[in-house]
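The values are calculated or read from the model by the stated rules, or taken from the named source; none is laboratory data. What you see is a predicted model, and the numbers here were worked out from it, not measured in a lab. Backbone-built Cβ (ideal geometry, glycine too); neighbour counts: all protein chains shown. Ligands, DNA and RNA are excluded from the accessible area calculation, which covers all protein heavy atoms including side chains. Shrake-Rupley method; radii C 1.70, N 1.55, O 1.52, S 1.80 Å.
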Amino acid sequence: MDPDLSPDQRLLRETAERFIEASLPLGKLRELIDAGGEVGPAYRRAAAEVGWFAFLAPESLGGGSVSDAGVLDTVVLAELRGRYLQPGSFIDTNLAVATLSREGSEEQQAKILPDLITGEAALAWAVADPSGDWSGPAGAHAQTVSGGYRLTGRKGLVVEAQSAQWLLLTANTTEGLTQFLLPASAPGVGVEVLSGLDLTRRLCEVRLDDVVVDDSAVLGRPGQAGAAVDAQIRLAAVLGAAESAGAMQYLFDLTLQYCKDRVAFGRPIGSFQAIKHQLADSSLALEMSHAVVTAAARAIATQDRGPVEAARAAHAASLAKAFVSDAAIELAHNCWQHFGGISYTWEHDFHLYLRRLTADAALYGTPTWHRERVCQLSGV
């Protein structure tokens with residue numbers, strides 16, 4: 001967590017934490033997992049009442065942030081969501097709100113944006129192909145037809161698409177990279193929930209079988225979506241890294257307390273030098289993760305000032321995502337060793353966090369994908 005949070009941001013954090021503890025603490029989340037259920041729309045609407053989906057839209061469109069720093073406010077929420085393993089399409093909906101606010105038509109801003117901000121609707125971002133290429137063009141193609149487009153192909157690693165009302169789809173056209181906003185219930189759209197490691201949320205594959213949409217479904221200018229997709233990837237990478245950092249914080253706090261409470265050979269195990277060293281290494285990785293997330297969020301907040309700032313934000317976002325993804329898995333495995341046998345049990349929460357962090361590392365670009373992206377941005 002950024003130590004320089006404003007009083008308003010600290011109040012936001014406290015309010016959001018109280019909401020999570022009242023609405024969906026770990027105990028209730030476990031009940032959902034055991035029952036094979038999923039969180040309902042009432043949770044999303046209640047979260048929207050405290051502003052979870054409004055920070056990246058201007059006040060003129062029904063949004064607004066608590067501190068005039070919408071990206072940083074959203075990062076505060078993302079870290080809390082990671083700490084408590086909250087489900088739902090929080091990141092996807094927020095990046096769609098940001099994109100609609102910048103590039104949406106008057107019709108889209110009037111018809112779709114208010115429902116996203118108020119939680120009446122959720123959105124899933126279909127940008128990656130089934131193999132995990134997050135650059136945008138892969139997986140789907142849009143063919144120009146009379147009055148619109150015909151969409152075909154498959155998109156993978158789509159978060160909570162089974163409960164979304166809208167899809168933000170990225171596809172190749174003869175004009176270039178284009179984005180579409182279409183109802184998830186449109187004829188020809190199929191959503192398959194995939195079996196996955198993470199038990200706290202669902203990843204899906206979206207199949208497009210000759211889906212016909214009219215020109216009003218295009219978000220932005222046809223063939224000119226490259227800059228918008230890049231901005232979405234930057235934002236998703238930072239928010240994904242923030243959720244990972246929040247989960248890392250919970251795991252480290254849990255492990256530190258256990259090392260103080262667990263006694264072996266008449267002493268707390270945390271007093272043994274080998275464990276002290278490993279905890280110190282984990283603490284360093286955790287603090288560095290918080291720091292790089294905050295730095296990347298601050299860079300994104302200034303990316304619209306010019307090409308230099310945009311390039312800096314792109315580098316910072318990819319470096320943060322790559323670093324935090326690797327550090328999170330290493331921290332989880334280090335902490336796992338201190339718990340011993342109990343961390344292998346279904347009843348202990350540890351495996352839920354390890355699953356979440358492992359899935360986080362693959363979502364919105366793996367560490368390898370983001371390091372390659374940094375090389376491409378640098379012309380290497």
Those residues of the stretch 187-197 that are assigned to a strand (DSSP E or B) and without any contact (Cβ under 8 Å) to a residue 12 or more places away in the chain come to a total of 0
Criterion: closer than 13 Å to TRP125 by Cα, in contact with a strand residue (DSSP E or B) (Cβ under 8 Å, 6 or more places away or on another chain), touching a residue at least 60 places away in the same chain (Cβ under 8 Å) and not charged (D, E, K, R) - qualifying residue of ALA184, ALA225, ALA171: ALA184
Looking at the stretch 235-245, can you tell me whether even one residue there is more than 30 Å from THR294 (Cα to Cα) and outside any loop (DSSP other than H, G, I, E, B)? no
Of (1) in contact (Cβ under 8 Å) with a residue 40 or more places away in the chain; (2) touching a Ser or Thr at 6+ places or on another chain (Cβ under 8 Å); (3) part of a helix (DSSP H, G or I); (4) of a type outside the set (D, E, K, R), TRP369 satisfies every one except (2)
Exactly one condition in (1) over 23 Å from LEU363 (Cα atoms); (2) buried (at least 17 other Cβ atoms within 10 Å of the Cβ) is not met by ALA35; state its number. (2)
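The rows are residues; the columns are (1) acidic (Asp, Glu); (2) within 27 Å of ALA332 (Cα to Cα); (3) part of a helix (DSSP H, G or I).
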{"site": "GLN257", "(1), (2), (3)": "no, yes, yes"}
{"site": "ILE275", "(1), (2), (3)": "no, yes, yes"}
{"site": "VAL292", "(1), (2), (3)": "no, yes, yes"}
{"site": "ALA295", "(1), (2), (3)": "no, yes, yes"}
{"site": "ALA299", "(1), (2), (3)": "no, no, yes"}
{"site": "ASP304", "(1), (2), (3)": "yes, no, yes"}
{"site": "GLU309", "(1), (2), (3)": "yes, no, yes"}
Can you spot a residue in the stretch 354-363 that is over 22 Å from THR255 (Cα atoms) and in contact (Cβ under 8 Å) with a residue 40 or more places away in the chain? yes
Subset of the stretch 109-121, residues in contact with a helix residue (DSSP H, G or I) (Cβ under 6 Å, 6 or more places away or on another chain) and open to solvent by less than 20 Å² (accessible area, probe 1.4 Å), comes to LEU113, LEU116, GLY119, ALA121
Which listed residue, of ASP230, ASP253, ASP209, is open to solvent by 20 Å² or more (accessible area, probe 1.4 Å), assigned to a strand (DSSP E or B) and either at pLDDT below 95 or of a type outside the set (S, T, N, Q) (or both): ASP209
Looking only at the stretch 160-171, filter to residues that are assigned to a strand (DSSP E or B) and open to solvent by less than 20 Å² (accessible area, probe 1.4 Å); which one of those is nearest to GLY104 (Cα to Cα)? LEU168
Set LEU113, LEU177, LEU197: member being within 22 Å of GLU38 (Cβ to Cβ) and not β-branched (Val, Ile, Thr): LEU197
Of those in the stretch 326-336 that are surrounded by fewer than 20 Cβ atoms within 10 Å (Cβ to Cβ) and over 18 Å from the mean Cα position of the chain (by Cα), the residue nearest to PRO367 (Cα to Cα) is GLU330
Take the stretch 76-89 and flag every residue that is out of contact with any strand residue (DSSP E or B) (no Cβ under 7 Å at 6 or more places or on another chain) and not in a helix (DSSP H, G or I). TYR84, LEU85, GLN86, PRO87, GLY88
Sort out which residues of the stretch 172-200 are surrounded by 15 or more Cβ atoms within 10 Å (Cβ to Cβ), in contact with a Gly (Cβ under 9 Å, 6 or more places away or on another chain) and of a type in the set (S, T, N, Q), and write them in order of number. ASN172, THR173, THR178, GLN179
Give the residue that is most open to solvent (accessible area, probe 1.4 Å), with candidates limited to residues of the stretch 337-366 that are among the acidic types (Asp, Glu) and not in a helix (DSSP H, G or I). GLU347
Run PHE323 past the list (1) open to solvent by less than 50 Å² (accessible area, probe 1.4 Å); (2) in contact (Cβ under 8 Å) with a residue 24 or more places away in the chain; (3) among the hydrophobic types (A, V, I, L, M, F, W, C) and report the number of the one that doesn't hold. (1)
Residues in the stretch 40-75 that are assigned to a loop (DSSP other than H, G, I, E, B) and open to solvent by less than 40 Å² (accessible area, probe 1.4 Å): how many? 13
Working only within the stretch 271-295, note down all residues that are of a type in the set (Gly, Ala, Ser) and either surrounded by fewer than 18 Cβ atoms within 10 Å (Cβ to Cβ) or without any contact (Cβ under 8 Å) to a residue 12 or more places away in the chain (or both). SER271, ALA274, ALA280, SER283, ALA291, ALA295
Here are GLY136, GLY147, GLY82: which of them is touching a residue at least 60 places away in the same chain (Cβ under 8 Å) and open to solvent by 10 Å² or more (accessible area, probe 1.4 Å)? GLY147
